[in-house]
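Let me begin by presenting the structure, written as structure tokens, before commenting on it.
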Amino acid sequence: MTARTLVLLRHAHAEPENGLGDAQRTLSAHGRRQAASLGPLLAEEVGRVDVALVSSALRTTETYKLIASGLPDAPAADVRDELYSAGPRDVLALLAELPDDVSRVLVVGHEPTMSSLAHLVDGERSTLAEMVSLGMGTGNAAVIEVPMSWSSLDRSTARLRTVLRPE
């Protein structure tokens, strides 16, 4: 079986809550620059993404739109309301539903779920994984090698390869 790649991305930097509610926070100017620079970084590190699972929050959908412009043949965002408040196990359940022919998945979500999940699935307990367990900054992407089917992904079954940090 070919190794799969999972990218767990915390949305880019957002504006403070503006009275419209947390889910309606937009990206800041800095966040737009972060997201725009992430597309080419992801393309270089991962190549083509097959599926993009994106939280329904405005800041995550904006992040993905900007990233997608720098990805080769970027898929349409699969926007999921449940990702807004999902915990690590909820994200694993979503991944388990993916077909076997999907090899590269990008999840655009929120903290602390992205860092917690990256730490949960990493089996090597590397220094990098320990750093990620403390939290991921906005616009940071954990790139994880998954050597099994999506439905078998669980605690300590994958390897955190790198963390991409945009300018």
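If we scan region 38-59, do we find a residue that is modelled with pLDDT of 95 or more, of a type in the set (Ser, Thr, Tyr) and farther than 21 Å from residue 163 by Cα? Yes, because at least one residue in region 38-59 is modelled with pLDDT of 95 or more, of a type in the set (Ser, Thr, Tyr) and farther than 21 Å from residue 163 by Cα.
Quick test for you: out of 42, 53, 27, pick the one residue that is within 15 Å of residue 83 (Cα to Cα) and hydrophobic (A, V, I, L, M, F, W, C).
Working: 42 fails: within 15 Å of residue 83 (Cα to Cα); 27 fails: within 15 Å of residue 83 (Cα to Cα).
Among 42, 53, 27, only 53 is within 15 Å of residue 83 (Cα to Cα) and hydrophobic (A, V, I, L, M, F, W, C).
Tallying residues that are modelled with pLDDT of 90 or more, of a type in the set (A, V, I, L, M) and more than 13 Å from the chain's Cα centre (by Cα) within region 116-130 yields 2.
Within region 89-100, being under 25 Å from residue 68 (Cβ atoms) and either at pLDDT below 95 or not acidic (Asp, Glu) (or both) holds for 91, 92, 93, 94, 95, 96, 98, 99, 100. Residue 66 meets the conditions (1) surrounded by fewer than 19 Cβ atoms within 10 Å (Cβ to Cβ); (2) touching a helix residue (DSSP H, G or I) at 6+ places or on another chain (Cβ under 7 Å); (3) not polar (S, T, N, Q) in every case but one. The failed one is (1).
The values are calculated or read from the model by the stated rules, or taken from the named source; none is laboratory data. None of the values given here were measured: they were computed from a predicted structure. Don't worry about glycine lacking a Cβ; one is built from the backbone with ideal geometry, like all the others, and counts go over all protein chains shown.
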